[in-house]
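The values are calculated or read from the model by the stated rules, or taken from the named source; none is laboratory data. Note that the structure is a prediction, hence the values are computed from the model and not measured. We place every Cβ from the backbone using ideal geometry, glycine too, and count neighbours over all the protein chains shown.
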Amino acid sequence: MTQDKKNERLLPEAIIDLLVEDIIESSDENILEEARIKYGNAPAEAERIRSLIASAIIRAKKEQFLLAKKELNASRSAKSENQILNFSLDTKKALINKAKEHTPSLTLAARNGEELTENDANCFLQDLIDLGVLDKDGNLK
């Protein structure tokens, strides 16, 4: 590599270094004075920029929220197709026991004396539907 090409590559880096050094060595008063000249009222401009950033963050979070809400509603709609998930907990437990009796090969994990929760029952019932043991209305197949 020739010296000229090496210098061409280093020149932008040297300029950047000088600019950064100049900014670091500048006093706050000098920076504020330059901002006042360029923007008029530096504190007001800083507040305007903060407001723009805050608005952008809020818009992004609203978009995330709306997307999550849309996905949740779609998930709820899909689950509501399974009427079995709307039954009472006692009815769900009875259906699980009925499916267990009807399908001898079906085994359930030991619960070590813990009570079956609504969520556990929904998961079991969804698994039974997916396995083809029950239909979405809770009827044995």
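Which one is surrounded by the most Cβ atoms within 10 Å (Cβ to Cβ), of the residues in the range 106-139 that are of a type in the set (A, V, I, L, M) and modelled with pLDDT of 85 or more? I'd like the intermediate steps shown before the answer.
In the first step, residues of the range 106-139 are kept if they are of a type in the set (A, V, I, L, M); the result is 106, 108-110, 116, 121, 125, 128-129, 131, 133-134.
Narrowing the set further to residues that are modelled with pLDDT of 85 or more leaves 121, 125, 128-129, 131, 133-134.
Working: A121: 21, L125: 23, L128: 23, I129: 19, L131: 12, V133: 20, L134: 25.
Applying the filter and picking the extreme gives L134.
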**OP:** Being surrounded by fewer than 16 Cβ atoms within 10 Å (Cβ to Cβ) and among the polar types (S, T, N, Q) is the filter; apply it to the range 86-105 and report the residue that is farthest from S75 (Cα to Cα).
**Re:** S105
Original post:
Condition test on E71, is it farther than 30 Å from I23 by Cα, of a type in the set (D, E, K, R) and within 25 Å of the chain's Cα centre (by Cα)?
Top reply: yes
**OP:** Only residues in the range 21-36 that are within 19 Å of E47 (Cβ to Cβ) count as the first member; pair them with residues that are exposed (fewer than 12 other Cβ atoms within 10 Å of the Cβ), Cβ under 8 angstrom, at least 6 apart or cross-chain, and list the lot.
**Re:** I31/I23
